[in-house]
Amino acid sequence: MKFLTHLSFINIHRLIGIAKTHLASHHAKNILREAIPATLYNNQYREQTMRASNWVITTLALTIFSVASAMAGPAVTVTFKNLGTKDATYTVANNNEASTRNNSNPTPTPSVKADQSNTYKVQSRTSPDANFASLRYKMGSKECVYSTTFVATAGPGGSKIPRWKESATPGGGAICTITVLSRDFRTYEWAVQITMK
């Protein structure tokens, strides 16, 4: 204890700094425990460990977010309108439709009542130059399958040539439409309205 009484605050932190660079060494930890009180060591070690862990987690999260943002394609805003007299049910029947649901924000409402609508955005995370939405709604024996896609191909002088495509396929006597509401030629984001009757 006499040694600890005369040990200056600066020397304590100097020892902590030395031990920090050798935390993987069991010997360094023992030296640190002998030089300073257990309570101070435990607090300092805990703080340094938590600080390092938080830094790693934050850095990793920011890296993942940056990569995902860089890979994200232009978003499409979808508005589904039920023009029928019965509830329309949102369903998923294949991989493209499952990917659309996973890429939607918010997730499409499972059921849309007559004369009601549901709006959401779909954004693919696989390429900055592509995006798509594959959607399927049912109303009794009627069915509507919608598709809207975007692809940017290489143009002259490093430019990009944007291409959008839409389709609506009816089944069981349904009346299905898809209408482009807007297209942004700067961000390539676009909006569509799909209807079912």
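Coordinate-derived values only; no laboratory data. Everything numeric in this text was worked out from a predicted model, so none of it was measured. Cβ: placed from backbone, ideal geometry, glycine included. Neighbour counts: every protein chain shown.
Quick notes on this one:
- The listed peptides 152-164, 84-96, 178-190, ordered by packing as a protection proxy, come out as 84-96, 178-190, 152-164 (highest mean of other Cβ atoms within 10 Å first).
- Backbone phi angles across segment 116-132, fed through the Karplus curve with coefficients 6.51, -1.76 and 1.60 (θ = phi - 60°), yield HN-Hα couplings of 10, 9, 9, 10, 7, 10, 10, 9, 6, 10, 9, 7, x, 10, 7, 6, 7 Hz in residue order; Gly and Pro are listed as x.
- Rounded to the nearest whole Hz, the Karplus-based 3J(HN,Hα) values (6.51 cos²θ - 1.76 cosθ + 1.60, θ = phi - 60°) of segment 181-197 follow the sequence 8, 6, 9, 9, 7, 8, 9, 6, 5, 8, 9, 10, 10, 10, 10, 9, 9, with x at glycine and proline.
- Theoretical gain in end-to-end length, Met71 to Ser167 [0.36 nm per residue, Cα-Cα removed]: 32.0 nm
- Under 5 Å, built H, 5+ apart or other chain: amide partners of Ser111: Tyr90
- Distant-in-sequence amide H partners of Lys160 (H built 1.01 Å from N, under 5 Å): Gly155
- Note that segment 137-144 has calculated 3J(HN,Hα) couplings of 10, 10, 9, x, 8, 8, 8, 10 Hz, one per residue in order, obtained from phi through the Karplus relation 6.51 cos²θ - 1.76 cosθ + 1.60 (θ = phi - 60°); glycine and proline are x.
- For Gly84, net neighbour charge (Lys/Arg +1, Asp/Glu -1) across residues whose Cβ lies under 13 Å away: +3
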